[in-house]
Every structure is written in C-alpha cells, then in structure tokens.
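The values are calculated or read from the model by the stated rules, or taken from the named source; none is laboratory data. Bear in mind the structure is a predicted one, so any value in this text is a computation, not a measurement. All Cβ positions, even for glycine, are placed from backbone atoms using ideal geometry, and neighbour counts span all protein chains on display. Surface areas here come from the heavy atoms of the whole protein model, side chains and all, with no ligands, DNA or RNA. Shrake-Rupley method; radii C 1.70, N 1.55, O 1.52, S 1.80 Å.
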Amino acid sequence: AHPAGRASRSTAGAPIGRTAQTLPAQVAARILEAIFAGEFQPGQRLTEIALATTHQVSRSVIREALVLLDRQRIVERLPRLGARVVAISVENVVELFEVRAALLGVAARRAATSASDAALAGFDSQVAAIEALAARPRCAASVYADQSIALQHQVLDMSAGRWLEDLYSQLSNLALWRAVVRDRSVSFDTAARRQSSASDWRRIADALARRDPVASEDAARTLLQASGDYVRSRLAPRPDPGGPRGRG
C-alpha cells in the first residue's frame, strides 16, 4: 500500500475538521520545502520573527510549526537559542543505509520464495534495462537513481510483505534522506559507481531466478551497503590542504 492509499482509507468518512491540514502544519510544509530547496542550510537558525513575516502568520503559529518539524527531526529547538535546521552527520546517513539494507534484504529473501515466475521475469527485464542505462557514460545520476528506486520497490512488491514497503517508503521520505542522498543522487554520481550498482542488481536478479533466499538477501544487503560506503566516502570531510603536511 502506498501512503496516498493509506491516507484515503484512514480519512474516509472522517469529519472535515479532522482531515483538513492545520495552519501550523501548512507552514511546516512550506518550511520543509524551503529546506529541501536549499534556502535553509544544515545548522542554520530559523528565527520566529523572520518566518512569521515571510508566511504572514503569528509567531505562535511559527512556534507550533517548528514543534512539528522538531518531531520529524528536521529542525532542533535549543534552549535560549531557538530553532535551527538539523546538522546532518555522515553517520546519520550511514545508519539509514544500514536499516534500509536490512529491510531490502528481508524483502529479497521473501521474494525468492513467494514471487511468481512472471514477476521474476519482469524484474530480470528491468535489471537488464538498468544495466544498459549504466553502460551509458553520460547517463544522468538522477535518471539512474529513479530506476534503482523503482527496482527496490519491485523487490518489495514481490516480497508480499504487509509492512515492508510501508517502512521502506517512510525511510525513503525522511527529510534527512531526501536532503542529503535521494534528491541529490549522491549514490550514483559517477559512471563507475552506476556500473558497480548495476552489477549488484544483476546479482540480485540471478539469485532470485535461482529461488535462493539466502543469496537473494545477501545480494540485496550488499547493494545498499555498497551505496552506503560510497556515500560515506563522498560526504566525509576532505583533508585540509593547509594542514601540517601542506605547510611542511
């Protein structure tokens, strides 16, 4: 089930007052959009007066909006300092990769035994398509990323897991994940990285075709662990060229 479907079922027949988005929630959504757009940087302070002026609402509405964003770990409120955009650490991102790798591994293991022959054949065809995409030296990272995400959801669909896709989607939509990884396609920003990823997808497809649950789970975990390792290397602080060696 997708988030939109869940929302429509859970709110069907509910009083309008309970389904309409509150003013603080609307403001929180606008602030979130600004964060995704890069208008606010990690660690930047969010002042109530400036936000109230921008959105033409009271400071109390801004305060409630920031509480909502704090609950989502998008901003943090500090005593006497106010609110600021959460500063994202490399380890936060790597942790998300580890959790997603575990979920995708479970989905692949289940898919190896529960997916239909037709579903596996369709998946194999899509893997062949992403291999062809990776072979193009000038393939846009965002295009490859979209195809990789689609394949991940195919695995989740084939797993027939009741909660797996919901949990996976929630992680994929986390503000931290979107701001640092997904929307920037950091995982696939070089041709070599895309080709390596495509090879990992081929291993998953081959393991699924053999109906091997252990190999399927291992290959799926490896796929995301490799992405996590690469993103860690890309986000890690660069050595200071003016450090002791540079001056020596």
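Key figures
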| item | result |
| --- | --- |
| Residue satisfying all of: in segment 63-92; closer than 30 Å to Tyr230 by Cα and basic (Lys, Arg); surrounded by the fewest Cβ atoms within 10 Å (Cβ to Cβ) among these | Arg71 |
| Filter result for the condition that a residue is within 23 Å of Glu95 (Cα to Cα) and either surrounded by fewer than 15 Cβ atoms within 10 Å (Cβ to Cβ) or within 19 Å of the chain's Cα centre (by Cα) (or both), over Arg232, Arg210 | Arg232 |
| Residue under evaluation Ala219, criteria (1) at pLDDT 90 or above; (2) farther than 15 Å from Ala108 by Cα, criterion not met | (2) |
| When residues of segment 49-62 are limited to those that are within 14 Å of Ala28 (Cβ to Cβ) and without any contact (Cβ under 8 Å) to a residue 24 or more places away in the chain, the one least open to solvent (accessible area, probe 1.4 Å) | Ala52 |
| Given (1) in contact with a helix residue (DSSP H, G or I) (Cβ under 9 Å, 6 or more places away or on another chain); (2) over 21 Å from Glu217 (Cα atoms); (3) open to solvent by less than 60 Å² (accessible area, probe 1.4 Å), number of the condition Val143 does not satisfy | (3) |
| Matching option when the condition is under 19 Å from the mean Cα position of the chain (by Cα), under 22 Å from Phe36 (Cβ atoms) and acidic (Asp, Glu), among Glu91, Glu98 | Glu91 |
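Rundown of residues vs (1) at pLDDT 90 or above; (2) in a helix (DSSP H, G or I); (3) of a type outside the set (Lys, Arg); (4) in contact with a helix residue (DSSP H, G or I) (Cβ under 8 Å, 6 or more places away or on another chain), yes/no style:
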{"residue": "Ala34", "(1), (2), (3), (4)": "no, yes, yes, no"}
{"residue": "Arg84", "(1), (2), (3), (4)": "yes, no, no, no"}
{"residue": "Ala87", "(1), (2), (3), (4)": "no, no, yes, no"}
{"residue": "Glu98", "(1), (2), (3), (4)": "yes, yes, yes, yes"}
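Matching residues to (1) of a type in the set (Asp, Glu); (2) assigned to a helix (DSSP H, G or I); (3) more than 21 Å from Ser172 (Cβ to Cβ):
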{"site": "Ala102", "(1), (2), (3)": "no, yes, no"}
{"site": "Gly122", "(1), (2), (3)": "no, yes, yes"}
{"site": "Ser125", "(1), (2), (3)": "no, yes, yes"}
{"site": "Ala128", "(1), (2), (3)": "no, yes, yes"}
{"site": "Pro137", "(1), (2), (3)": "no, no, yes"}
{"site": "Tyr144", "(1), (2), (3)": "no, yes, no"}
{"site": "Gln147", "(1), (2), (3)": "no, yes, no"}
{"site": "Asp157", "(1), (2), (3)": "yes, yes, no"}
